[in-house]
1. Just give me the residues in the stretch 20-40 being under 18 Å from Asn80 (Cα atoms) and hydrophobic (A, V, I, L, M, F, W, C), in sequence order.
2. Go through Leu66, Leu10 for me and flag whichever is modelled with pLDDT under 95, farther than 25 Å from Leu83 by Cβ and not small (Gly, Ala, Ser).
3. Looking at Leu33, Leu57, Leu66 in this structure, which one is among the hydrophobic types (A, V, I, L, M, F, W, C), in contact (Cβ under 8 Å) with a residue 40 or more places away in the chain and open to solvent by 90 Å² or more (accessible area, probe 1.4 Å)?
4. How many residues does the stretch 46-87 hold that are among the hydrophobic types (A, V, I, L, M, F, W, C) and under 17 Å from Asp26 (Cβ atoms)?
5. Which residues, taken from the stretch 44-69, are under 11 Å from the mean Cα position of the chain (by Cα) and not small (Gly, Ala, Ser)?
Amino acid sequence: MSSDTPTNALDHRLLASFAKDAEARDPIDWSGLDIDRDAAYELMASQIAEMFRDYELRGIGRDPQLAIALSTIVKLSVENFVLNQRLLSNGLLPRTPPETPDAPSD
């Protein structure tokens with residue numbers, strides 16, 4: 001292994017897998033799109049993993065990387081919120097949330 005390669009590099013396949021698991025709790029409506037779900041996750045995860053490898057190569061520590069990741073999540077959450085509000089205001093989303101299965105009892 002060369003000295004400029006991060007020793008704990010992010011595995012984009014693992015990131016894609018975790019993200020798909022998260023989608024199970026908050027599904028994305030893929031209907032009507034000519035997009036391969038797995039390929040989309042792999043592509044985005046690969047780009048994110050590469051971005052964080054570059055941060056590490058530039059000497060940016062894990063704590064600042066975590067702050068970058070969390071702030072990115074906030075930005076994307078706000079963007080998603082705004083897009084959903086636009087869809088609602090244009091009548092392109094139902095105003096009532098879809099029914100969800102009952103939570104499992106303990």
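The values are calculated or read from the model by the stated rules, or taken from the named source; none is laboratory data. From a predicted model like this one, the values you see are computed outputs, not experimental measurements. Heads up, the Cβs are rebuilt from the backbone with ideal geometry, glycines too, and the neighbour counts pull from every protein chain shown. Calculation scope for accessible area: heavy atoms of the full protein, side chains included, ligands and nucleic acids excluded. Shrake-Rupley method; radii C 1.70, N 1.55, O 1.52, S 1.80 Å.
1. The answer is Ala22, Ala24, Ile28, Trp30, Leu33, Ala40.
2. Working: Leu66 fails: modelled with pLDDT under 95.
After ruling out the rest, the residue left standing is Leu10.
3. Details: Leu33 fails: in contact (Cβ under 8 Å) with a residue 40 or more places away in the chain; Leu66 fails: in contact (Cβ under 8 Å) with a residue 40 or more places away in the chain.
Exactly one residue qualifies, and that residue is Leu57.
4. Applying the first criterion (among the hydrophobic types (A, V, I, L, M, F, W, C)) to the stretch 46-87 yields 48-49, 51-52, 57, 60, 66-70, 73-74, 76, 78, 81-83, 87.
Checking which are under 17 Å from Asp26 (Cβ atoms) leaves us with 73-74, 76, 78, 81-83, 87.
Total meeting the criteria: 8.
5. Step one: list which residues in the stretch 44-69 are under 11 Å from the mean Cα position of the chain (by Cα), which gives 44-45, 48, 69.
Met44, Ile48 - these are the residues of the stretch 44-69 that are under 11 Å from the mean Cα position of the chain (by Cα) and not small (Gly, Ala, Ser).
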